[in-house]
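J.: Questions regarding the structure given below will be posed in turn.
The values are calculated or read from the model by the stated rules, or taken from the named source; none is laboratory data. Because the structure is predicted, anything quoted here is derived from the model rather than measured. Neighbour counts run over all protein chains shown; Cβ positions are idealised from the backbone, glycine included. To get the accessible areas, we keep the full protein, side chains included, count just its heavy atoms, and leave off ligands, DNA and RNA. Shrake-Rupley method; radii C 1.70, N 1.55, O 1.52, S 1.80 Å.
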Amino acid sequence: MALHTTFAEVRADELVELAEAKKNDGYRFVQMLCVNTEEGIDALYSFMKGDSLENYTIKGIDAATQSVPSVTGSFLAAFPFENEAHDLFGLNVTNIAIDFKGGFYKVAMDKPMTVISPAQKAAREKAAKIAAAKASCAKPSEEDLEKKLAGMDPEKAAKVRAAMEAKAKREAEKAQAEKQAQLEEKLAGMDPEKAAKFRAAMEAKAARESAQKGGE
């Protein structure tokens, strides 16, 4: 018998309803496991029925601010896994039917599975610095730009505005030229008669838009 395995994402607020549905459909609970990622903790739940193994993951849980509900209301067998997730990863699982309150494991340190090596810490700090540098170099918002211009010498601000408008115009013209080139390439591959009709329709549309702008 071949095993059919599927993976999907689920939100924490959908978990209890999902577990109830799997219970009602005749699935059994297989496991719950956690994995540390750069975005937070990923909690994976597996259910099985016949040759179907379905896996659902809550991604990027912030253990400091977020919690997940227990599925022991539908599958009592989940309680060791949920207690383990709490003791080893620091994941707050609410309403566990059999809750050891942090005493499921006797460990030498708190949340041992969240401990990272010096190399991992250095890599994360480096990634954070790079992200911060990119954010500082990001294009300022229009509001920020207006504030900056408002604090400039009026003559200098006018020159900056003129330069920006000229740049925007060049970019718009370039984009229009690229769009026109793509259109011409498309028309070249069309039936000549159909292409001619298409051109006529485009020219008529351009004429209407031009007339509307003139009226304004």
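J.: Identify the residue in segment 76-116 that is under 30 Å from the mean Cα position of the chain (by Cα) and at positive phi and, among all such residues, is least open to solvent (accessible area, probe 1.4 Å).
T.: Looking at the filtered set, the residue picked out is GLY90.
J.: Here is a check on your reading of the model: is ASN55 touching a residue at least 60 places away in the same chain (Cβ under 8 Å) and closer than 24 Å to GLU14 by Cβ?
T.: Criteria not met by ASN55.
J.: Based on what the data block shows, is THR65 under 20 Å from VAL10 (Cα atoms) and either at pLDDT 95 or above or not acidic (Asp, Glu) (or both)?
T.: When the stated conditions are applied, THR65 passes them.
J.: What residue, among those in segment 28-44 that are touching a helix residue (DSSP H, G or I) at 6+ places or on another chain (Cβ under 8 Å) and either open to solvent by less than 30 Å² (accessible area, probe 1.4 Å) or within 17 Å of ALA85 (Cα to Cα) (or both), is modelled with the lowest pLDDT?
T.: Top of the filtered list is ASN36.
J.: ASP51: touching a Leu at 6+ places or on another chain (Cβ under 6 Å), farther than 19 Å from PHE81 by Cβ and among the acidic types (Asp, Glu), yes or no?
T.: yes
J.: Let me ask something additional. Report yes if LYS59 is basic (Lys, Arg), modelled with pLDDT of 95 or more and touching a strand residue (DSSP E or B) at 6+ places or on another chain (Cβ under 6 Å), otherwise no.
T.: Taking the combined requirement at face value, the residue satisfies it.
J.: Have a look at MET152, MET190 and point out the one that is part of a loop (DSSP other than H, G, I, E, B), open to solvent by less than 90 Å² (accessible area, probe 1.4 Å), modelled with pLDDT under 75 and on the phi < 0 side of the Ramachandran plot.
T.: On the way: MET152 fails: modelled with pLDDT under 75.
Just a single option satisfies the conditions, and that option is MET190.
J.: Would you be able to tell me the number of residues in segment 59-75 that are in a strand (DSSP E or B) and open to solvent by 20 Å² or more (accessible area, probe 1.4 Å)?
T.: Total satisfying the criteria: 4.
Matching residues to (1) closer than 16 Å to SER46 by Cα; (2) of a type in the set (A, V, I, L, M); (3) modelled with pLDDT of 95 or more:
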{"position": "THR72", "(1), (2), (3)": "yes, no, yes"}
{"position": "LEU76", "(1), (2), (3)": "yes, yes, yes"}
{"position": "PHE79", "(1), (2), (3)": "yes, no, yes"}
{"position": "LEU88", "(1), (2), (3)": "no, yes, no"}
{"position": "THR94", "(1), (2), (3)": "no, no, yes"}
{"position": "GLY103", "(1), (2), (3)": "no, no, no"}
{"position": "LYS106", "(1), (2), (3)": "no, no, no"}
{"position": "ASP110", "(1), (2), (3)": "no, no, no"}
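Okay, residues lined up against (1) within 17 Å of the chain's Cα centre (by Cα); (2) of a type in the set (Gly, Ala, Ser); (3) surrounded by fewer than 14 Cβ atoms within 10 Å (Cβ to Cβ); (4) part of a strand (DSSP E or B):
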site	(1), (2), (3), (4)
ALA19	no, yes, no, no
LYS23	no, no, no, no
GLY26	no, yes, yes, no
SER46	no, yes, no, yes
LEU53	no, no, no, yes
THR57	yes, no, no, yes
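J.: Taking the condition part of a helix (DSSP H, G or I), farther than 30 Å from GLU38 by Cβ and at pLDDT below 75, does GLU184 pass?
T.: Spelling it out, it is not the case that GLU184 is part of a helix (DSSP H, G or I), farther than 30 Å from GLU38 by Cβ and at pLDDT below 75.
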